[in-house]
Amino acid sequence: MTTQASLITKLQASLLATAESFLPEDFARHVHVAVADFSRYRPLEMVDTLALQAGLALYPCPAELTVVLGCDWGRDAKLTLDPWDNRWPGALPAIRVMRQGENRVLYLTPAPSARQISLLGSACTYRYGAAHMVSETDGTLADQDVPLVVLRAQAEALRELAAKHTTVPYQVRDGISATPRNGTPSYLHTVLMDEFERRVKL
């Protein structure tokens, strides 16, 4: 299990002597930024079920939801039936996130019909993405994703050094291959971010 402490340990080791440029609390911030950015590309995949009602388009939205990944309600029927079949469900709802006052809601369009619910049931299972979490005792990152998060945390650390207009060369070992990289903070930040964005989209 990957915790915040284990990520910080990996980050500090990868920064080599560069780690001495930071305070202990800085590393937690670097890790937090890295996990949040990683989650934008590879969110934690979650599943939930809506209890559909005929003609009702608005449903509660999970607080942690960041993106709707898909809904399979009625998809099998449309794959196995012909449009002229009496059991053909017709146009199925798409799920979108919208606001109702100060609250986020799930908006289904078109709203499910009584006929569709009678054919397909009222339980609509859907998939969504949420931000990954790491704490002192728990974490949701898969082991194979840890090097990418460390790489992103390195880039954040070098970004902070670059913001101080530091031009002294530094050396780090990148979070993926542990290859030594040398250069100014600005240069290293650019190189590490390019590597992160290339790999996280694979």
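The values are calculated or read from the model by the stated rules, or taken from the named source; none is laboratory data. This is a predicted model, so every value here is computed, not measured. Here Cβ is always computed from backbone atoms with ideal geometry, including for glycine, and neighbour counts include all displayed protein chains. Only protein heavy atoms, including side chains, enter the accessible area calculation; ligands, DNA and RNA are left aside. Shrake-Rupley method; radii C 1.70, N 1.55, O 1.52, S 1.80 Å.
Under a model in which nothing but the beta-carbon of Lys, Arg (+1) and Asp, Glu (-1) is charged, the stretch 12-109 shows a dipole of about 360 debye around its Cα centre. Mind running the shape call on the stretch 143-189? Use the C-alpha gyration tensor, a ≥ b ≥ c as the square roots of the eigenvalues: rounded below 1.5 for a/c, prolate if a/b tops b/c, oblate otherwise. It is oblate, given that a/c is not under 1.5 and a/b is not larger than b/c.
Relative to the longest principal axis of the Cα atoms of the chain, the long axis of helix 24-41 makes an angle of roughly 40 degrees. Once backbone amide H atoms are built at 1.01 Å from N, Ser113 has Gly55 as its partners under 5 Å, excluding neighbours fewer than 5 places away on the same chain.
Helix 146-163 axis versus longest C-alpha principal axis of the chain: approximately 60°, rounded to the nearest ten. Recomputing Cα extents along the principal axes in Å from the coordinates shown identifies the correct label among (1) 45, 40, 30; (2) 72, 35, 31; (3) 46, 34, 31 as (2).
Given a 1.4 angstrom probe, I'd like the percentage of the accessible area of the chain that is carbon and sulfur, rounded to a whole number. Can you show the working numbers first?
Details: 5880 of 10970 Å².
Taking all protein chains in place, the chain shows 54 percent carbon and sulfur surface.
Per residue, the stretch 71-175 exposes 54 Å² of solvent-accessible protein surface, assessed with a 1.4 angstrom probe and all protein chains in place.
Roughly how big is the stretch 86-202's charge dipole about its Cα centre, with Cβ charges of +1 (Lys, Arg) and -1 (Asp, Glu), in debye to the nearest 20?
Here the size comes out at about 620 debye.
Counting Lys and Arg as +1 and Asp and Glu as -1 over every other residue whose Cβ lies under 12 Å from the Cβ of Thr140, the net charge comes to -4. Taking 1.002 mPa s as the viscosity and 20 °C as the temperature, the Stokes-Einstein diffusion coefficient of the stretch 1-78 based on its alpha-carbon Kirkwood radius rounds to 130 µm²/s. If you line up the long axis of helix 185-200 against the longest principal axis of the chain, both from Cα atoms, how many degrees apart are they, to the nearest 10? Tilt relative to the chain: about 30 degrees.
Taking Cβ atoms as reference points and 15 Å as the exclusive limit, the residues near Leu69 contribute a net charge of +1, counting Lys and Arg as +1 and Asp and Glu as -1.
Counting Lys and Arg as +1 and Asp and Glu as -1 over every other residue whose Cβ lies under 13 Å from the Cβ of Arg173, the net charge comes to 0.
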